[in-house]
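Chemist: Next up is a structure, given as structure tokens.
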């Protein structure tokens, strides 16, 4: 169905979600942008993958004039009941504390975003607190998910509403004039939920995709892997559909980010992924709305073990390989800055005729 753009985050249904249709990016525009790159006075493909990334943005937006002047980082904040099982060094109180820091623009991602002229928009989609936070957008579905070792993390209705909240955020940003979105997240325990979702979506052994998160001991890592493996078996998630996987072992931040990815595809706004959590959300989005991945741009290759498999499944190749694991959208913000630099060459190009030499020709 055609998405109407109406506020839906508190009333969206599974049926409406299943009916969303993603159109393909504009391949003619991609070709035109690549031809424009060839006209720049430089060796052919001299900017490497950045030429293809800028062309992908052209295909997404349907314009050969690329405008990334207004950028937003959407940071979905949520707590995860699975922390009760000792899968994290920190407690849920940290999520609230860091969200307050984000509200004051004092967290790591806020400082980085300010340096490149990007806006940070923290969203409370599931912090385990009734306290309102000035400066954090309230889209709370519930106060944290349940402990998925004991029962489903959330209901299917809550999962759908959280995805729809992300779709709505993408639409709201588009209407506000944002030209590109970056994904971020905050929530203690979300490397556990994302590893569980990734293992189920990929159909692999949880041990292959589960890492230490913020720094677990060997015993903590073993516990984390056991908890995930038990849940995947308990809920029979090996061949389950994406929505069941999300509701059984996922997080509200993952759901919201999946919605942003789908919204970017629906509204033709490029979305820059961050690390493990947003890559997991991206694969979830692709399973919920096939075709979404064509609208997503990679940023960095984090150090969590799931990243390699998610990259292959999404057919993306991150530009930055720095063993980052900070989260919050910091890697995506770094990528925004690199895209800005590449775009300066594309926009303010010196042509071969400007310097009075012959243009390079392609022979393949």
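Chemist: If neighbour count is taken as other Cβ atoms inside 10 Å, put 110, 77 in order from fewest to most.
Modeler: Working: 110 25, 77 30.
Neighbour counts put them in this order, fewest first: 110, 77.
Chemist: Viscosity 1.002 mPa s, temperature 20 °C: Stokes-Einstein D of the range 82-145 from its Kirkwood Cα radius, in µm² per second? Walk me through the numbers before you get to the answer.
Modeler: Details: Rh = 12.7 Å.
In µm²/s, the coefficient is 168.
Chemist: So what is the calculated 222 nm ellipticity per residue for the chain, using -39500 (n - 2.57) for each DSSP H run with n of 4 or more, over all residues, to the nearest 500 deg cm²/dmol? Could the numbers behind the result be given before it?
Modeler: Details: 13 runs with 165 residues, N = 364.
For the chain, the value works out to -14500 deg cm²/dmol.
Chemist: May I ask you to compute the full-extension gain from residue 28 to residue 239, defined as 0.36 nm times their residue separation minus their alpha-carbon distance, rounded to one decimal in nm?
Modeler: Values: separation 211, 0.36 × 211 = 75.96 nm, distance 3.74 nm.
The residue 28-residue 239 span can extend by a further 72.2 nm.
Chemist: Given labels modelled 7 Å from the Cα in the Cβ direction, how far is it in nm from residue 89 to residue 35?
Modeler: In this crude spin-label approximation the distance works out to 5.4 nm.
Chemist: Specify whether the C-alpha gyration tensor of the range 71-339 places it in the rounded, prolate or oblate class, a ≥ b ≥ c being the square roots of the eigenvalues: rounded for a/c under 1.5, otherwise prolate if a/b is larger than b/c and oblate if not. Write down the numbers at each step before the final one.
Modeler: On the way: a/c = 1.37, a/b = 1.26, b/c = 1.09.
Since a/c stays below 1.5, the shape of the range 71-339 is classed as rounded.
Chemist: Separate question: So for the chain, averaging the separation of alpha carbon pairs under 8 Å that are six or more residues apart and normalising by length, what relative contact order in percent results? Mind dumping the intermediate values first?
Modeler: On the way: 765 pairs, mean separation 83.4, N = 364.
Here the relative contact order equals 23 percent.
Chemist: Fewest Cβ neighbours within 10 Å first, please rank 158, 65 accordingly.
Modeler: Details: 158 20, 65 10.
Fewest to most other Cβ atoms nearby, the residues stand as 65, 158.
Chemist: Please compute the modelled spin-label separation between residue 358 and residue 130, points set 7 Å along Cα→Cβ, answer in nm with one decimal.
Modeler: 7.8
Chemist: Here's another thing I want to ask about it. Output the relative contact order of the range 283-323, whole-number percent, from Cα pairs under 8 angstrom with separation of 6+ residues. Intermediate values should be presented prior to the final figure.
Modeler: Details: 35 pairs, mean separation 17.7, N = 41.
Relative contact order comes out at 43 percent.
Chemist: I would also like to ask the following. Put a dot 7 Å past each Cα toward the Cβ at residue 115 and residue 226; how far apart are the dots in nm?
Modeler: Taking the simple label geometry, residue 226 and residue 115 are separated by 4.2 nm.
Chemist: Rounded to whole Å, give me the distance from the Cα center of the range 267-332 to that of the range 70-135.
Modeler: Rounded to whole Å, the Cα centres lie 19 Å apart.
Chemist: Whole Å is fine, so just give me how far the alpha carbon centre of the range 236-255 lies from that of the range 24-38.
Modeler: 36
Chemist: Considering only 203, 275, 259, give the residue with the highest GNM mean-square fluctuation for the chain, with springs between Cα atoms whenever their separation is below 10 Å.
Modeler: Taking springs between Cα atoms under 10 Å, the residue moving most is 203.
Every number in this text was worked out from the coordinates using simple rules, so none of it is lab data. The model shown is predicted, which means the values in this text are computed figures rather than measured ones. Counting neighbours? That spans all protein chains shown, and the Cβs are built from the backbone with ideal geometry, glycine included.
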